[in-house]
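Down below is the structure, laid out as structure tokens.
The values are calculated or read from the model by the stated rules, or taken from the named source; none is laboratory data. Only a predicted model underlies this, so the values are computations on that prediction, with no experimental measurement involved. Here the Cβ positions follow ideal geometry from the backbone for every residue, glycine too, while neighbour counts run over all protein chains shown. The accessibility values were calculated without ligands, DNA or RNA, using every heavy atom of the protein model including side chains. Shrake-Rupley method; radii C 1.70, N 1.55, O 1.52, S 1.80 Å.
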Amino acid sequence: MRRLFPVTDQTHSAAASGGDSAVVSGADRDWTLDELADAYAYPRAARTGGIARPWLRANMVSTLDGAAHHGGRSQSISSAADMRVFGTLRALADAVVVGAETVRLEGYRPARARDAFAARRAAAGQAPAPVIAVVSASLALDFSLPLFTAAPVPTLILTGAAAPPERILAAEKAGVEVVIAGDGPGAEPERVVHALADRGLVRLLTEGGPRLLGQFVAAGVLDELCLTVSPMLTSGHAQRIAGGPAPAVPERFALASLLEQDGFLFTRYRRV
């Protein structure tokens, strides 16, 4: 892993002197988990008590030609370095917000408590592992899966007031907490964010899928995008990282950091 942006004094000095530092050379090295955690730390406003509002970041991967998956899953366009970033982003979050279709397609399991991040999470007043918060209108989920029965912190389901009552009852009978975050059949993006913040879950991470991310984008509630650009071409008809209704005016984001390893670019953009 090497940092390409922002350019540090070390980078500038090494480049000016013609040095062969790993910062400017093609040499890759695995960053420690602490280095990754520092690089992806939430803004201070989202890490202190009594904050004004939550912070929602997304983590997605895309090929060079814009595919968010290959064969229906994102794993085949990922890499070992990408998975380390994926794990780090989860370890920094209070809650991971994910769409029900992604839960089904990716075979979601509970987030696990990791010893490497235990002290950092304890110091931040966080639970040992992030909450998984599943957004679903139909609640067509198997509540006997480990995601709902074996999570170190209880999994939440966010839905709308008009969701099927029999499915809400099935979830509650299985011991799953259902959070109403919308007046219709589905949850509303802005209310999802605030419903989680009301539970003290303010460092939020969404891993999609594309439809859920598209809803967050259209609602204007996404603060940050961590996008891994995979050096692959897949062609085909795979979905983009976000889909659905477009906002009236495209929202501008600014590049906050850029890392590289093994040809994969790890970008981080924040709302302007």
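Each of Pro152, Cys226, Ala242 was scored by the projection of its Cα onto the charge dipole of the chain, and the greatest displacement toward the positive side belongs to Pro152; charges sit on the C-beta of Lys, Arg, Asp and Glu.
In order along segment 77-92, the phi-based Karplus estimate (6.51 cos²θ - 1.76 cosθ + 1.60, θ = phi - 60°) of 3J(HN,Hα) comes to 10, 9, 8, 4, 5, 4, 5, 5, 5, 3, x, 5, 4, 4, 5, 8 Hz; Gly and Pro are listed as x.
For Glu177, the amide hydrogen comes within under 5 Å of the amide hydrogens of Ile157, counting only partners 5 or more places away or on other chains and with H modelled in the peptide plane.
Note on segment 57-150: the alpha carbon radius of gyration divided by the globular reference 2.2 N^0.38 Å gives 1.17. Between the helical axis of 210-219 and the longest alpha-carbon principal axis of the chain there is an angle of about 90 degrees. Amide H to amide H, with H built 1.01 Å from N, Leu258 comes under 5 Å of Leu4, Phe5, counting only residues 5 or more places away or on other chains. Note on Leu255: accessible area approximately 70 square angstrom, rounded to 10, probe 1.4 Å, nucleic acids and ligands left out.
Residue by residue, segment 32-41 carries 3J(HN,Hα) couplings of 5, 5, 5, 4, 5, 4, 5, 5, 10, 4 Hz when phi is fed to the Karplus relation 6.51 cos²θ - 1.76 cosθ + 1.60 (θ = phi - 60°); x denotes Gly or Pro. Per q in 0.13, 0.14, 0.19 1/Å, what log10 I(q)/I(0) does a Debye calculation on the alpha-carbon atoms of segment 108-188 return? The Debye formula, applied to the Cα set alone, gives -0.45, -0.50, -0.79. Treating the beta-carbon of each Lys and Arg as +1 and of each Asp and Glu as -1, no other charges, what is the dipole magnitude of the chain about its Cα centre, to the nearest 20 debye? The calculated dipole for the chain is roughly 300 debye. The portion of the accessible surface of segment 219-272 made up by carbon and sulfur, rounded to a whole percent, is 59 (1.4 Å probe; DNA, RNA and ligands excluded).
Normalised size of segment 69-118, defined as Cα radius of gyration per 2.2 N^0.38 Å with N residues, equals 1.23. Taking the chain as a Gaussian network of alpha-carbon nodes connected by springs under 10 Å, the highest mean-square fluctuation of the residues Val97, Val135, Val249 belongs to Val249. Let me have the relative contact order for the chain, percent, based on Cα pairs under 8 Å that are six or more residues apart. Taking the mean separation of contacting Cα pairs over the length of the chain, I get 26 percent. Remark: segment 159-224 carries a charge dipole of roughly 140 debye about the Cα centre, counting +1 on each Lys and Arg Cβ and -1 on each Asp and Glu Cβ. When +1 charges are put on Lys and Arg Cβ atoms and -1 charges on Asp and Glu Cβ atoms, the dipole computed for segment 137-272 relative to its Cα centre reaches about 200 debye. Quick note on the chain: its Rg to Rh ratio, both from C-alpha atoms and Rh being the Kirkwood radius, is 0.98. Applying the Karplus relation 6.51 cos²θ - 1.76 cosθ + 1.60 with θ = phi - 60° to segment 165-180 yields 3J(HN,Hα) values of x, 5, 6, 4, 5, 4, 5, 5, 5, 7, x, 8, 7, 9, 10, 7 Hz, where x marks Gly and Pro.
Remind me, what semi-axes does segment 165-272 give for its equivalent ellipsoid, largest first in whole Å, using sqrt of 5 times each Cα gyration tensor eigenvalue? Can you show the working numbers first?
Numbers: eigenvalues 181, 60, 49 Å².
Gyration-tensor ellipsoid for segment 165-272: 30, 17, 16 Å.
Express in nm, to one decimal, how much length is gained between Ala161 and His194 on full extension, taking 0.36 nm for each residue of separation and deducting their alpha carbon distance.
Working: separation 33, 0.36 × 33 = 11.88 nm, distance 1.59 nm.
My answer for the length gained is 10.3 nm.
Of the accessible area of segment 44-179, with the probe set at 1.4 angstrom, what percent is carbon plus sulfur? Let's see the in-between values first.
Values: 3430 of 6090 Å².
Carbon and sulfur: 56 percent of the exposed surface of segment 44-179.
If you count only protein heavy atoms with a 1.4 Å probe, what accessible area per residue comes out for the chain, rounded to a whole Å²?
Values: 13060 Å² over 272 residues.
Ligands and nucleic acids excluded, the figure is 48 Å² per residue.
Only one residue of His194, Leu141, Ala127 has its Cα farthest out toward the positive end of the dipole of segment 121-222, where Lys and Arg carry +1 and Asp and Glu -1 on Cβ, and that residue is Ala127.
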